[in-house]
Amino acid sequence: MAHAYTPGLKVTEKQVVKKQRILPLKGEVIVKVGDKVSPDDVIARTHLPGNVVPLNIANKLGVPPEDIELVMLKKIGDPIEEGEPIALKKSFIKWFSSSAAATISGTLESVSKVTGQVLQRGHPIPVEVKAYLRGEVTQIFPNEGVEVSCQGAFMQGIFGIGGETYGEIKVATADNTSILSDSQITDDMSGKVVVGGSLVTAEALKKAIKTGVRGIVVGGFDDKDLRDFLGYDIGVAITGSEDIGITLVVSEGFGEIAMAKKTFDLLKSHEGEMACMNGATQIRAGVIRPEVVIPEKTVSAAAAETVKDEIQGLGVNSPVRVIRHPYFGRLGKVTDLPSPLAELESESKARVLEVEFENGERAIIPRANVEMIES
């Protein structure tokens with residue numbers, strides 16, 4: 001049987017999901033292999049160096065830079081408090097004495113006899129890394145972080161905004177073709193991950209934030225609404241760091257596009273269960289896809305290792321989504337993968353495949369114009 005490699009999105013009922021949770025700097029890992037963790041559990045912590053703020057003592061006190069050490073009240077490494085005098089220029093007349101106070105709290109890091117400046121270092125900034133998934137710690141990276149694994153349902157989206165979050169799944173629309181409007185966002189959705197159909201309106205997204213909804217998974221989102229909502233164009237930069245109070249995962253693309261029935265049915269079958277989601281997206285090199293993970297409650301990571309997670313090639317009967325016009329967004333399955341190059345309407349030649357859409361219609365499409373829906 002013919003096969004070809006085609007990039008695609010995963011939508012699967014059962015998969016081993018492994019996430020490396022790494023500190024930005026070396027620190028302390030506070031869990032061990034075999035520990036069961038929940039999304040909010042802290043698995044490692046460290047401290048980032050505090051901000052550095054310069055202070056020109058020589059200018060402030062009117063002394064030559066080379067004499068700065070003569071007026072310093074604090075030494076390098078001493079703790080300082082905001083507003084506390086750290087240098088004093090004495091005078092025979094007490095009222096003519098002048099001082100310089102620290103502008104931040106922290107420590108005195110350096111004193112320069114060349115510039116007459118001191119550097120003040122703020123207090124270290126604590127950083128904690130959480131598990132993100134409900135699962136099991138399967139590997140430790142000493143002083144750096146851990147690997148957390150689980151088995152469960154898994155889906156990837158086309159685009160997302162917002163960072164890591166989790167909540168109970170709540171399906172808000174009747175089917176995968178319905179629009180998620182503000183009237184469907186209710187107070188009982190606070191703290192939940194809401195599933196919509198073909199589109200979420202800007203009003204619905206704003207109401208969801210006010211209501212306390214943690215995440216929304218939907219087929220499409222209007223790009224103008226996204227620009228108005230964020231206040232800027234995203235371009236090809238990585239997303240996921242937006243502080244907007246909610247995480248959005250778009251499964252199909254921009255505009256009103258029905259969520260793939262398989263995806264909608266998968267999420268609906270897990271309604272009431274916990275979903276862990278991340279909207280981080282990067283389109284350029286080093287592709288990052290937004291995702292939703294629905295961990296199983298009882299299966300250990302060791303048992304999960306029996307689930308195969310192999311990348312399958314594109315073959316006959318593979319489910320695909322068309323990503324170019326005139327069939328953009330339509331779903332179907334591959335019925336034939338002819339080997340010879342075919343001549344296109346543009347008179348160029350390319351490898352093609354035959355797709356049968358859900359309504360029974362068939363079309364010949366360049367292989368570059370589809371992505372596989374991995375299951």
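Taking the criterion of being assigned to a strand (DSSP E or B) and surrounded by fewer than 22 Cβ atoms within 10 Å (Cβ to Cβ), no residue of the range 207-235 qualifies. Looking only at residues in the range 184-202 that are in contact with a helix residue (DSSP H, G or I) (Cβ under 7 Å, 6 or more places away or on another chain) and assigned to a strand (DSSP E or B), the one that is farthest from E168 (Cα to Cα) is V195. Counting the residues of the range 79-135 that are among the aliphatic types (A, V, I, L, M) and under 42 Å from the mean Cα position of the chain (by Cα) gives 13. Take the conditions touching a residue at least 60 places away in the same chain (Cβ under 8 Å), charged (D, E, K, R), closer than 30 Å to P295 by Cα and buried (at least 16 other Cβ atoms within 10 Å of the Cβ) and apply them to E128. Does it pass? So E128 fails the test. For the range 157-171, check the following and say yes or no: at least one residue is small (G, A, S), outside any helix (DSSP H, G or I) and without any contact (Cβ under 8 Å) to a residue 24 or more places away in the chain. There is no residue in the range 157-171 that is small (G, A, S), outside any helix (DSSP H, G or I) and without any contact (Cβ under 8 Å) to a residue 24 or more places away in the chain. I238 fulfils the conditions (1) touching a Pro at 6+ places or on another chain (Cβ under 9 Å); (2) part of a loop (DSSP other than H, G, I, E, B) except for a single criterion, (1).
Scan the range 37-61 for residues that are exposed (fewer than 14 other Cβ atoms within 10 Å of the Cβ) and under 23 Å from I294 (Cβ atoms) and the total you get is 2.
Any read-out appearing in this document is the output of simple, stated calculations on the displayed coordinates, not a laboratory observation. Predicted, not measured: the structure shown is a model, and the values here were computed from it. Cβ: placed from backbone, ideal geometry, glycine included. Neighbour counts: every protein chain shown.
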